[in-house]
Amino acid sequence: MGLVKYILRRLFTIFVSLIAVIIITYILMWIAPGEFFNIAQFQASAGKVATLTPEQLQVLIKGFEEKYGLNVPLWKQILNYLKDAFRFKFGPSFSNPNEPIEVQIARRFPVTLTLAILSMTLAVIVGIPLGIIAALKRNTWIDYISMFFSMIGSIIPAYTIGVIMVIIFSVYLRVLPTSGWETPKQMIMPVICVALGPMAVIARFMRSSLLDVLNQDYIRTAYSKGGTDRAVIIRHALRNSLIPIVTIIGPQLAFLFTGTVWIENLFRVPGLGQLFVNAASMRDYPLLVTSTFILSLSVMLMNLLVDIIYAFLDPRIKYE
Amino acid sequence: MAELLKVNNLRTYFYRNEGVVKAVDGISYKLDYGETLGIVGESGSGKTVSVLSLLGLIRRNGRVEGGEAIFDGKDLLKLSKEELREIRGKDISIIFQDPMTSLNPIMRIGIQIMEPLIWHRLLSDKDARDRAIELLRVVGIPEYKTRFLDYPFQFSGGMRQRVMIAMALACNPKLVIADEPTTALDVTIRAQILNLMHEMKEKLNMSIIFITHDITLAMNFCDTIIVMYAGKIVEYSSIEKFIKNPLHPYSQGLLNSTLDIEKKEGSLRPIPGNPPNLINPPEGCRFHPRCSYVQEICKEKEPELREIEEKHKVACHLVKGGNLNA
């Protein structure tokens, strides 16, 4: 009973927060220099827009503003956007007037979702055991090596590792294709690249969390009762040390949902990242606002999910 | 009475960046079946380490450097890890100081009480469950049948310490080590827990090592008392002799540091200074920088623990003929 009530209250908070996020985004876009039309004009300067007379251009812009509802005050624009956004109707984007944004997103989202889930699964499967081993063998070469690799994973940007991987596996060894997203073989490199960052973070978190738990009094109590290393670590240490790990996996996953721009670009993965980055560089405001909307929504929903899982893991936490 | 535990010349050192901390530096004592031994001293005097060393429960940077600890015919310090594990929780169990942190916060207390029984393969799961419920009743948890499924956070401090006691008693140990079991509790609860421990001791005829910094508590609760200072035993006595005639200046200092409403105002005389750094302990008697009776010999020669009378040993140069001659 408490759970349903709790979720409803949290959803209401999310609703209010989203409105705030959208208002701030609109204001920021309004402040930011540059407009879609100037940029489009610049990019198409060799094309037909540049050959129009100023009067013709004015007519064109006026028609454009009417189509996208830009001829009303900012607050009204925000209101119009919000009215439809919560029904997941975002209208057309500037750069692709013939297709509503929700359709564009729906086409690309499954790709990003697959990439995110595969990568996060890999990051968890490798990161957690890596952290556990490092903690249990602390200050030995096993610890140093696993932490060295996790350090590398968090320092070197994914796209750099991506390029190195392409050179090794596609150019020299010729075992993996350089790009695409149709066959499992094409997915290997993007998934590994996206996974490395979260994997490194998870491994380091897991290590410090487990070390922290191993120093707790109740671990000594468990040993004093005659527990073997195995029993004490599995029954008492691991479950306690996994609780904080859930908090970092949630938000990480949310960010992966909105696309992993560089990797998608590098491996030509047709996901959300590319769509949203183009939106920013093109000042494609409807698309830009929508990407913020989607990112905020998924971060907040993930946090809610994390909090719910938390309460299942830790009996001390109650939904208030 | 037959001897249960005999510790000889135990030394435990901790290796820190600043140097070697000689936390326990050559202590010897023995414990009979059914005896309650109190170990008293300030924080850092080595009282807890001297006992946890026996069970291999000291922190990673600590090492038992030497000595022997014969428990039930076996030298605990020479046992393999697995042999020692078989003794922990079954023959020797521990009640820790802080019941708030010594129980696993996310495991039902009933399960935590069942664990030693199952780990030592004494009972089946079902019998262990019955035994755990019975133990909760014995240590005085109300509604013990339902509280079996509760988590530690649902208990008060005193109730948690009762759970710790139930856990320690689960396998009917021969020896229970109580490491400041009442320090973290309210005064009223403290008396309840002491009563419970006393009752259990009478009922189950086990030996207890009672570690405390409260000398009057030890005098009330124990048969024998050891006063430790800076990793060494300074006085070791039966409780009757100690009450009549506490000899070491440090023991007297501890007694003078406690409030006694029957004494007049100004009788509270704390020991000046702080316990010494155990990386470079003072030469001679380790207590000499704080001792009001200090003489030349105390700064040069380390006093040995000498028997002054039967069941009464003191490590002080100035004790002669059963008196402190200062």
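The values are calculated or read from the model by the stated rules, or taken from the named source; none is laboratory data. Because the structure is predicted, anything quoted here is derived from the model rather than measured. Reconstructed Cβ throughout: ideal geometry from the backbone, glycine too, with neighbour counts over all protein chains shown.
Among the residues of region A:198-242, write down those that are within 8 Å of another protein chain (Cβ to nearest Cβ), in contact (Cβ under 8 Å) with a residue 12 or more places away in the chain and assigned to a helix (DSSP H, G or I).
A:Tyr218, A:Ala222, A:Arg235, A:His236, A:Arg239, A:Asn240 - these are the residues of region A:198-242 that are within 8 Å of another protein chain (Cβ to nearest Cβ), in contact (Cβ under 8 Å) with a residue 12 or more places away in the chain and assigned to a helix (DSSP H, G or I).
Among the numbered criteria (1) under 22 Å from B:Ser53 (Cβ atoms); (2) in contact with a helix residue (DSSP H, G or I) (Cβ under 8 Å, 6 or more places away or on another chain), which single criterion is violated by B:Cys285?
It fails just one condition, (1).
Criterion first (within 13 Å of chain A (Cβ to nearest Cβ) and either in a loop (DSSP other than H, G, I, E, B) or under 24 Å from the mean Cα position of the chain (by Cα) (or both)) does B:Ala128 satisfy it?
No, not satisfied.
Just to be sure I understand, how many residues within region B:90-117 are closer than 10 Å to B:Ala170 by Cβ, more than 16 Å from the chain's Cα centre (by Cα) and in contact (Cβ under 8 Å) with a residue 60 or more places away in the chain?
1
Does A:Leu256 qualify as being within 14 Å of chain B (Cβ to nearest Cβ) and either free of Cβ contacts under 8 Å to residues at least 60 places away in the same chain or in a helix (DSSP H, G or I) (or both)? Working first, answer last.
Details: within 14 Å of chain B (Cβ to nearest Cβ): no; either free of Cβ contacts under 8 Å to residues at least 60 places away in the same chain or in a helix (DSSP H, G or I) (or both): yes.
Spelling it out, it is not the case that A:Leu256 is within 14 Å of chain B (Cβ to nearest Cβ) and either free of Cβ contacts under 8 Å to residues at least 60 places away in the same chain or in a helix (DSSP H, G or I) (or both).
Given the criterion outside any loop (DSSP other than H, G, I, E, B) and within 18 Å of B:Ile209 (Cα to Cα), identify the matching residue among B:Glu82, B:Glu86, B:Glu68.
Just a single option satisfies the conditions, and that option is B:Glu68.
Give all pairs with beta carbons closer than 7 Å in which a residue from region B:182-203 that is assigned to a helix (DSSP H, G or I) meets a residue that is hydroxyl-bearing (Ser, Thr, Tyr); count only pairs at least 6 apart in sequence or on separate chains.
B:Arg190/B:Thr182; B:Ile193/B:Thr182; B:Leu194/B:Thr182; B:Lys201/B:Thr36
Outside any helix (DSSP H, G or I), touching a residue at least 40 places away in the same chain (Cβ under 8 Å) and either more than 30 Å from B:Glu83 (Cβ to Cβ) or away from chain A (no Cβ under 12 Å) (or both) - does that describe any residue in region B:156-174? So that I can check it myself, show each step before the final result.
Keep residues of region B:156-174 that are outside any helix (DSSP H, G or I), which gives B:156, B:170-174.
If we keep only those that are touching a residue at least 40 places away in the same chain (Cβ under 8 Å) too, we end up with B:170-171, B:173-174.
Still in the running and either more than 30 Å from B:Glu83 (Cβ to Cβ) or away from chain A (no Cβ under 12 Å) (or both): B:174.
There is at least one residue in region B:156-174 that is outside any helix (DSSP H, G or I), touching a residue at least 40 places away in the same chain (Cβ under 8 Å) and either more than 30 Å from B:Glu83 (Cβ to Cβ) or away from chain A (no Cβ under 12 Å) (or both).
With A:Arg268, A:Arg283 as the choices, which residue is crowded, with 17+ Cβ neighbours inside 10 Å, of a type outside the set (Ser, Thr, Tyr) and on the phi > 0 side of the Ramachandran plot?
A:Arg283
Do we find that A:Ile245 is among the β-branched types (Val, Ile, Thr), surrounded by 23 or more Cβ atoms within 10 Å (Cβ to Cβ), more than 11 Å from every other protein chain (Cβ to nearest Cβ) and in contact with a helix residue (DSSP H, G or I) (Cβ under 7 Å, 6 or more places away or on another chain) in this structure?
Answer is no for this residue.
Residue check: is A:Ile294 closer than 30 Å to A:Phe169 by Cα, hydrophobic (A, V, I, L, M, F, W, C) and more than 14 Å from chain B (Cβ to nearest Cβ)?
Judged against the criteria, A:Ile294 is not a match.
Could you pull out the residue among A:Val269, A:Val289, A:Val277 that is of a type in the set (A, V, I, L, M), more than 30 Å from A:Asn139 (Cβ to Cβ) and part of a loop (DSSP other than H, G, I, E, B)?
A:Val269
Can you find even one residue in region A:277-285 that is among the aliphatic types (A, V, I, L, M), free of Cβ contacts under 8 Å to residues at least 60 places away in the same chain and more than 19 Å from A:Tyr81 (Cβ to Cβ)?
Yes, some residue in region A:277-285 is among the aliphatic types (A, V, I, L, M), free of Cβ contacts under 8 Å to residues at least 60 places away in the same chain and more than 19 Å from A:Tyr81 (Cβ to Cβ).
Which strands (runs of 3 or more DSSP E) does region B:212-326 wholly contain that include 1 or more residues that are over 25 Å from B:Gly19 (Cβ atoms) and free of Cβ contacts under 8 Å to residues at least 60 places away in the same chain?
Qualifying strands (runs of 3 or more DSSP E): B:306-309.
Residues that are polar (S, T, N, Q) and not in a helix (DSSP H, G or I): does region A:153-161 have at least one?
Taking every residue of region A:153-161 in turn, none turns out to be polar (S, T, N, Q) and not in a helix (DSSP H, G or I).
Answer with yes or no whether B:Ala178 is modelled with pLDDT under 85 and within 22 Å of B:Gly89 (Cβ to Cβ).
The answer is no for B:Ala178.
So how many residues does region A:161-177 have that are among the hydroxyl-bearing types (Ser, Thr, Tyr) and closer than 16 Å to A:Val191 by Cα?
To start, the set of residues in region A:161-177 that are among the hydroxyl-bearing types (Ser, Thr, Tyr) comprises A:170, A:172.
After this cut, where a residue has to be closer than 16 Å to A:Val191 by Cα as well, the list is A:170.
Counting residues in region A:161-177 that are among the hydroxyl-bearing types (Ser, Thr, Tyr) and closer than 16 Å to A:Val191 by Cα gives 1.
Here's a check for you: in region B:5-19, which residue that is of a type in the set (D, E, K, R) and under 17 Å from the mean Cα position of the chain (by Cα) is nearest to B:Arg63 (Cα to Cα)? Reasoning before the result, please.
The initial filter retains those residues of region B:5-19 that are of a type in the set (D, E, K, R), namely B:6, B:11, B:16, B:18.
From what's left, under 17 Å from the mean Cα position of the chain (by Cα): B:6, B:11.
Details: B:Lys6: 19, B:Arg11: 9 Å.
Result: B:Arg11.
Could you look through region B:62-77, keep only residues that are among the charged types (D, E, K, R) and within 21 Å of B:Ser207 (Cβ to Cβ), and pick out the one that is farthest from the other protein chains (Cβ to nearest Cβ)?
Applying the filter and picking the extreme gives B:Glu68.
Pull up region B:208-258, narrow it to residues that are of a type in the set (Gly, Ala, Ser) and within 19 Å of B:Leu324 (Cα to Cα), then point me to the one that is surrounded by the fewest Cβ atoms within 10 Å (Cβ to Cβ). Give the steps one after another, and end with the answer.
First pass over region B:208-258, keeping only residues of a type in the set (Gly, Ala, Ser): B:218, B:230-231, B:237-238, B:251, B:253, B:257.
Remaining after also requiring within 19 Å of B:Leu324 (Cα to Cα): B:237-238, B:251, B:253, B:257.
Numbers: B:Ser237: 24, B:Ser238: 16, B:Ser251: 23, B:Gly253: 20, B:Ser257: 13.
Out of the qualifying residues, it is B:Ser257.
With the structure loaded, tell me whether A:Val246 is at pLDDT below 85, under 21 Å from the mean Cα position of the chain (by Cα) and of a type outside the set (Phe, Trp, Tyr) or whether it fails that test.
no
Out of (1) buried (at least 23 other Cβ atoms within 10 Å of the Cβ); (2) under 29 Å from B:Ala170 (Cβ atoms); (3) within 15 Å of the chain's Cα centre (by Cα), what's the single condition that is false for B:Ile27?
Every listed condition holds for B:Ile27 apart from (2).
If I filter region A:189-197 for residues that are in contact with an Asp or Glu (Cβ under 7 Å, 6 or more places away or on another chain) and in a helix (DSSP H, G or I), do I get at least one hit?
No, region A:189-197 contains no residue that is in contact with an Asp or Glu (Cβ under 7 Å, 6 or more places away or on another chain) and in a helix (DSSP H, G or I).
Report, by residue number, each residue of region B:78-123 that is out of contact with any Pro (no Cβ under 8 Å at 6 or more places or on another chain), buried (at least 23 other Cβ atoms within 10 Å of the Cβ), more than 9 Å from every other protein chain (Cβ to nearest Cβ) and farther than 24 Å from A:Pro315 by Cα.
Listed by number, the list holds a single entry, B:Leu117.
Restricting to region B:45-65, name every residue that is in a loop (DSSP other than H, G, I, E, B) and touching a residue at least 24 places away in the same chain (Cβ under 8 Å).
Correct list: B:Ser45, B:Gly46, B:Gly56, B:Leu57, B:Ile58, B:Arg59, B:Asn61.
Could you tell me how many of the residues in region B:287-326 are touching a Phe, Trp or Tyr at 6+ places or on another chain (Cβ under 6 Å) and basic (Lys, Arg)?
The qualifying residues number 1.
Does at least one position in region B:138-153 carry a residue that is touching a residue at least 12 places away in the same chain (Cβ under 8 Å), at the interface with chain A (Cβ under 8 Å from one of its Cβ atoms) and crowded, with 22+ Cβ neighbours inside 10 Å?
So in region B:138-153, the residues touching a residue at least 12 places away in the same chain (Cβ under 8 Å) come out as B:138-141, B:145, B:147-153.
From the residues that got through so far, the ones that are at the interface with chain A (Cβ under 8 Å from one of its Cβ atoms) too are B:151, B:153.
Keeping just the survivors that are crowded, with 22+ Cβ neighbours inside 10 Å gives none.
Checking region B:138-153: not a single residue is touching a residue at least 12 places away in the same chain (Cβ under 8 Å), at the interface with chain A (Cβ under 8 Å from one of its Cβ atoms) and crowded, with 22+ Cβ neighbours inside 10 Å.
Mind telling me which of the residues B:Ile109, B:Ile118, B:Ile95, B:Ile113 ends up being in contact with a helix residue (DSSP H, G or I) (Cβ under 6 Å, 6 or more places away or on another chain) and within 30 Å of B:Gly253 (Cα to Cα)?
Being in contact with a helix residue (DSSP H, G or I) (Cβ under 6 Å, 6 or more places away or on another chain) and within 30 Å of B:Gly253 (Cα to Cα) holds for just one of B:Ile109, B:Ile118, B:Ile95, B:Ile113, which is B:Ile95.
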